[in-house]
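Undergrad: Quick one: the structure is below, and I'll ask about it shortly.
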Amino acid sequence: MSTLVRFTPKSVTTEQYEQVMRQLDESGDWLPDGLDYHVAFGSRGDIRCSEVLDSKEQFEAFGKRLMPLLQEAGIEFESPPELIEIQNIEKR
C-alpha cells in the first residue's frame, strides 16, 4: 500500500536541501524505486519534504541511503520520519 513519508527536521536550509539532492543524484540513488511524488516546500531557512512511495518497505530501503546523507548535511530531527498509510490519491 502507498505510504506518505513526512519529514519533520528542526530546520533545513535551501543549501542543505540542495546538498543532499545533489549527493543522491551523483550516487545514482535518485529517483528511488517506488517514488511517486517528492514535494519540497517552505521558506529558505525552513524547507520541509514529503514523499509518496509505493510501499513502506521501499522507503525503508531508500532511507538506509538517505538518512546518512541528511546527518552529514547537519540536518537534525526531533523524531524519525512519520510513515502514514495512504487511503486515497486523486490526480487531475
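Undergrad: Long-range amide H contacts for ASP46: which residues qualify at under 5 Å (H placed 1.01 Å from N, peptide plane, sequence gap of 5 or more or a different chain)?
TA: Hits under the 5 Å cutoff: VAL12.
Undergrad: Let me ask another. Among the trypsin sites (Lys or Arg not before Pro) in the range 20-69, which ones are in a DSSP loop with at most 11 other Cβ atoms within 10 Å of the Cβ? Mind listing them?
TA: On the way: sites: ARG22, ARG44, ARG48, LYS56, LYS64, ARG65; in loops: ARG44.
Filter output for the range 20-69: ARG44.
Undergrad: Working out 0.36 nm times the residue gap between PHE77 and ARG48, then minus their Cα-Cα distance, what length gain in nm do you get to one decimal?
TA: 9.3 nm
Undergrad: Sort TYR37, TYR17 by heavy-atom solvent-accessible area, probe 1.4 angstrom, most to least.
TA: Details: TYR37 80, TYR17 50 Å².
Accessible-area ranking of TYR37, TYR17, largest first: TYR37, TYR17.
Undergrad: Calculated from DSSP H runs of 4 or more alone, at -39500 (n - 2.57) each and per residue, what is the 222 nm mean residue ellipticity of the chain, nearest 500?
TA: -11000 deg cm²/dmol
Undergrad: Carbon and sulfur: what percent of the chain's accessible surface (1.4 Å probe)? Don't skip to the answer; put the middle values down first.
TA: Numbers: 2810 of 6030 Å².
Accessible surface attributable to carbon and sulfur in the chain totals 47 percent.
Undergrad: Could you work out how far helix 56-72 tilts from the main Cα principal axis of the chain, as a 0 to 90 degree angle to the nearest 10?
TA: 10
Undergrad: Further question on the same structure: Could you derive backbone 3J(HN,Hα) for the range 35-48 from the dihedral phi with the Karplus parameters 6.51, -1.76 and 1.60 (θ = phi - 60°), listing whole Hz in sequence and x where the residue is Gly or Pro?
TA: Result, rounded to whole Hz: 6, 9, 9, 10, 10, 10, 8, x, 8, 4, x, 8, 6, 10.
Undergrad: Heavy-atom accessible area of ASP25 with all protein chains present, probe 1.4 Å, nearest 10 Å²?
TA: Here the accessible area works out near 100 Å².
Undergrad: Another question, if that's okay. Using the basic label-point model (7 angstrom from Cα toward the beta carbon), what is the HIS38 to ILE86 distance in nanometres?
TA: 1.6
Undergrad: Could you tell me the relative contact order of the range 1-65? Use alpha-carbon pairs under 8 Å, at least six residues apart, and round to a whole percent.
TA: Numbers: 85 pairs, mean separation 30.1, N = 65.
Contact order relative to length: 46 percent.
Undergrad: With N denoting the number of residues in the chain, provide Rg(C-alpha) divided by 2.2 N^0.38 Å, to two decimal places. Don't skip to the end; give the middle numbers.
TA: Values: Rg = 12.9 Å, N = 92, 2.2 N^0.38 = 12.3 Å.
Dividing the Cα Rg of the chain by 2.2 N^0.38 Å gives 1.05.
The values are calculated or read from the model by the stated rules, or taken from the named source; none is laboratory data. Predicted model, so just to flag it, every value in this text is computed and none were measured. In this analysis, Cβ positions are derived from the backbone assuming ideal geometry, glycine residues included, and neighbour counts consider all displayed protein chains. For the accessible areas, the whole protein counts, side chains as well, though only heavy atoms, and no ligand, DNA or RNA atoms are used. Shrake-Rupley method; radii C 1.70, N 1.55, O 1.52, S 1.80 Å.
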